[in-house]
1. Please work out the FRET efficiency for the pair residue 2 and residue 251, using the Cβ-Cβ distance as r and a Förster radius of 41 Å; give the result to the nearest 0.05.
2. Between 138, 109, 15, which gets the highest mean-square fluctuation from a Gaussian network model of the chain, Cα cutoff 10 Å?
3. Of 350, 319, 287, whose Cα points farthest to the positive end of the dipole of segment 212-365 (charges on the beta-carbon: +1 Lys, Arg; -1 Asp, Glu; origin at the Cα centre)?
4. Counting Lys and Arg as +1 and Asp and Glu as -1, each charge on the Cβ, what is the dipole of segment 274-327 about the Cα centre in debye, to the nearest 20?
5. With the dipole of the chain worked out from charges on the C-beta (+1 for Lys and Arg, -1 for Asp and Glu) around the Cα centre, which of 217, 361, 50 lies farthest toward the positive end?
6. Take 69, 306 and sort them by solvent-accessible surface of the protein heavy atoms, 1.4 Å probe, largest at the top.
7. Using a 1.4 Å probe over the heavy atoms of the protein chains, calculate the carbon and sulfur portion of the accessible area of segment 127-245 as a whole percent.
8. Over its Cα atoms, what ratio of radius of gyration to 2.2 N^0.38 Å does the chain give?
Amino acid sequence: MKFDVLVVGAGFAGSVIAERCASAGHHVLLIDKREHIGGNAFDELDGNGVLVHRYGPHIFHTNAPVVSDYLSRFTEWIPYEHRVLASLNGVFYPIPINQTTINRLYGLSLDEAGVAEFLERAREPKNPIRTSEDVVLSSVGRDLCDKFFRGYTRKQWGLDLSDLSATVAARIPVRTNTDDRYFTDSFQKMPAQGFTKMFARMLDHARIRIELGASFQELRQRAEWKLLFYTGPIDEYFDFRFGALPYRSLRFEHEHLPEVEKFQAVGTINYPNEQSFTRITEFKHLTAQKHSGTSIVREYPTAEGDPYYPIPRPENNEIYQRYCAEAARERDTFFVGRLAQYRYYNMDQVVASALKATESVLSGA
Ligand code: FAD
Ligand code: UDP
């Protein structure tokens, strides 16, 4: 088997790269060890006909017109703005923390300026800001940190906030107004027929051949290629020669509830301190699907299992940098995506990275 380009992994990174290379005239073999395209963004109808995300809730949002425009070639969209509540002893509070969260939690009726003053008194400024604990204490202080962040983070990562890089908690803003949207990006929308249909259209190209259930380790024995784009875990590519990079995994517990129109008020409810799962997501909020029943997923963080989250902390980055130096020495081989770049990337960041990588490789830059 001879191809111009071999792409390993059919998630966002690999699919974008395959489409771009094929459209530039190259013959592409795209493989994935899973039995489906779409990577972790894969969605499907469950046994009851509800569109669900097999690997947990995926909400598309971006500020990058180039990413939005590119994906719009392969899908129509429906508007969707994600909202999240946190459950504390059975009472629900908006997350990110906003004016409503603070007023409801402390029995106050502060306006925007009042909340800003409240937070100014509560915050414990840290300088420099190195860890996620520094981020949260600096912005909201200890009480809100312990109620909304410390327990959730311990569950999600198996680590204390103080053991994680600042970038993790910095994903969640703090607001003094009543805006209760999880994201404020200029483009917030979901693919009208789902992510998998969008991937199928992206990959529907005469010069793309797809092999599913095929691992790179097995395929490298029987295929030849000129360029390789690898989107799996970088440590695995190099046979773990500098040690295994730590990843956090999840166990997804899907459930269908017949004859339940709506299970919960918003798309996701977080359980920072109660329960051993972190959150419950109800898919019909995300997809606007009409159905007499509803389907939900609970996420249980685990140390073992598929690698879902790179763990941002300095010691892990040091190991990654060693792999990265090896990667730079590989001829005609490029590492792109959340696992290959060991970055806590959102979908749009992966698309941007894949577009950039393909453009620079194909233009010979
Ligand atoms: P992946 O989707 O992981 O694809 C890599 C593929 O490579 C996999 O399919 C894997 O099977 C394959 N592979 C690996 N090794 C090999 C091998 N040796 N041989 C063959 N195939 C191999 N982002 C958002 O923007 N919004 C969200 O709401 C959001 N929610 C998320 C929720 C969860 C629970 C998780 C885990 C992630 C979420 N993300 C979200 C992030 C998003 O999933 C990623 O940014 C994106 O899917 C990464 O794409 P990728 O192609 O880099 O990796
Ligand atoms: N986080 C938290 N409490 C929350 C929401 C988030 O402590 O209610 C922290 C937690 O460490 C989490 C991180 O912020 O892992 C990033 O949250 P996000 O919702 O972006 O996580 P993802 O959707 O990527 O799992």
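1. The pair residue 2/residue 251 has a calculated efficiency of 0.50.
2. Between 138, 109, 15, it is 109 that shows the largest mean-square fluctuation.
3. 350
4. Approximately 360 debye in magnitude.
5. Value: 361.
6. Working: 69 100, 306 75 Å².
Largest to smallest exposure gives the sequence 69, 306.
7. Working: 2590 of 5450 Å².
That fraction is 47 percent.
8. Numbers: Rg = 21.6 Å, N = 365, 2.2 N^0.38 = 20.7 Å.
With N residues counted in the chain, Rg over 2.2 N^0.38 Å equals 1.04.
The values are calculated or read from the model by the stated rules, or taken from the named source; none is laboratory data. Owing to the predicted nature of the structure, the values given are computational and were not obtained by experimental measurement. Using ideal geometry, Cβ is built from the backbone for each residue, glycine included, and neighbour counts are taken over all protein chains shown. Keep in mind that these areas ignore ligands, DNA and RNA; they rest on the heavy atoms of the full protein, side chains included. Shrake-Rupley method; radii C 1.70, N 1.55, O 1.52, S 1.80 Å.
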